[in-house]
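Presented below is the structure to which this report refers.
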Amino acid sequence: DPYASDPPRHPALKVNSQRPFNAEPPPELLTENYITPNPLFFTRNHLPVPNVDRDTYRLHIVGPPGSQSLSLSLDDLYQFPKHEVTVTLQCAGNRRSEMTKVKEVKGLEWKIGAISTARWAGARLCDVLAQAGHRLSKTEAHVCFEGLDSDPTGTAYGASIPLARALDPEAEVLLAYEMNGQPLPRDHGFPVRVVVPGVVGARHVKWLGKVSVEPEESDSHWQRRDYKGFSPSMDWDTVDFDSAPSIQELPIQSAITEPQDGETIQSGEVTVKGYAWSGGGRAVVRVDVSLDGGITWQVAELDKEEQCPRKAWAWRLWQLRAPVPAGQKELNIVCKAVDDSYNVQPDTVAPIWNLRGVLSNAWHRVHVHVTP
Ligand code: MTE
Ligand code: MO
């Protein structure tokens, strides 16, 4: 059993698949803290967790002719300036279970918890690439990452990002060796993972073994044949994966973590809580909440953790305390967020349905009963 040496996990996690291990924190724990505690951080593994020895670990940096290849130990990596950044990581499949309700899709049934936030520390990728002699080239180029996890045929997890993002110090792409002040937990990439602020989780390659600069995107299955969005009209017989770009920055997203769907609440006052986040460093500027299915709206209060314009890498937690309208036996609570480019969420799922169930960011809806 290749999964026999997987690490122990927190019992509160909601498990979507045991082998490989995929799990999310329950909604009420998700927004209890701005920083997600490491044991509750959602986990998305495609393969068994590799056992990496910190002393013999080497990170290989390879590039085109003219650059220098490097083989870096963990101690070598510590010699680069240590950079820290708070980043929210979201899986492209977050909230896929809502798409399944419209029509079947292929993928894990994530609810609203395939998203978490941590304070990451490590070397900046731009500093490491500079040491290897990389400069921005005029031709389009990509930085490809390979994990040390692999399937029975020896194929490793891989993904890539554009070289321009990797070399931009303001983009703060990290080769991270710390998560919330601790060495990376095994499930989250020990000893080194990539952190690409504002970009879909799939590019944050864990158990990083190799970084290479290439003229093309990674030829990994997960870069070329997955994590892409399509028209609702596309099915598995007609889809052409080469016709769509790989997902990088993610669209505006929000969800309600409290109360939960089907819950019974007291009349009087209701407290609605949730998270909001947008990709590409776009800040959340507003969250609107409705108690009547989207007819009337109230503006939620955003948490005090502020976001830096153009570098809003982490989510914004929010809440609304509001009177329950007298005589209501049930409430249809809805939330939607707006980012600083005034991007909004679509109101329903059907128009954004896609066969892989990615980019699910319609208004989040929760139905609750009210006791008099
Ligand atoms: N890196 C490797 N090596 N193997 C993986 O399976 N999964 C990716 C990404 N990096 C993956 C990986 C996906 S799809 C996501 S959403 C994030 O890791 C999840 O990171 P987490 O498990 O730390 O939350
Ligand atoms: Mo993912």
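The values are calculated or read from the model by the stated rules, or taken from the named source; none is laboratory data. Here the structure is a predicted model, which is why all the values come from computation and not from measurement. Heads up, the Cβs are rebuilt from the backbone with ideal geometry, glycines too, and the neighbour counts pull from every protein chain shown. Protein only, heavy atoms only, side chains kept; ligands, DNA and RNA dropped before computing areas. Shrake-Rupley method; radii C 1.70, N 1.55, O 1.52, S 1.80 Å.
Taken as a whole, the structure leaves Ser233 outside the set of residues that are on the phi < 0 side of the Ramachandran plot and buried (at least 19 other Cβ atoms within 10 Å of the Cβ). If you go through segment 150-192 and keep only what is open to solvent by 10 Å² or more (accessible area, probe 1.4 Å) and assigned to a strand (DSSP E or B), you end up with Ser150, Ala156, Tyr157, Pro162, Tyr177, Glu178, Gln182, Pro183. Among the residues making up segment 107-118, those that are open to solvent by 10 Å² or more (accessible area, probe 1.4 Å) and within 14 Å of ligand 1 (Cβ to nearest atom) are Gly107, Leu108.
Within the set Ala300, Ala314, Ala337, Ala362, the sole residue that is out of contact with any Phe, Trp or Tyr (no Cβ under 9 Å at 6 or more places or on another chain), among the small types (Gly, Ala, Ser) and surrounded by 12 or more Cβ atoms within 10 Å (Cβ to Cβ) turns out to be Ala362.
Restricting to segment 193-225, name every residue that is more than 13 Å from ligand 1 (Cβ to nearest atom) and either outside any loop (DSSP other than H, G, I, E, B) or modelled with pLDDT of 95 or more (or both). Correct list: Pro197, Gly198, Ser212, Val213, Glu214, Glu216, Glu217, Asp219, Arg224, Arg225.
Arg203 fulfils the conditions (1) within 16 Å of ligand 2 (Cβ to nearest atom); (2) surrounded by fewer than 22 Cβ atoms within 10 Å (Cβ to Cβ) except for a single criterion, (2).
Taking segment 28-53 as the range and being under 29 Å from His221 (Cβ atoms) and part of a loop (DSSP other than H, G, I, E, B) as the test, the residues that pass are Thr36, Phe41, Phe42, Asn45, His46, Leu47, Pro48, Val49, Pro50, Asn51, Val52, Asp53. Residues of segment 6-56 that are under 19 Å from Leu208 (Cβ atoms), in contact (Cβ under 8 Å) with a residue 40 or more places away in the chain and more than 14 Å from ligand 1 (Cβ to nearest atom): Arg54 alone. With respect to the stated conditions, Ala114 fails to be assigned by TED's automatic domain parsing to the domain that holds Pro25 and more than 16 Å from ligand 2 (Cβ to nearest atom). Of the strands (runs of 3 or more DSSP E) lying entirely inside segment 59-142, those carrying at least 1 residues that are polar (S, T, N, Q) are 70-72, 82-90, 115-124.
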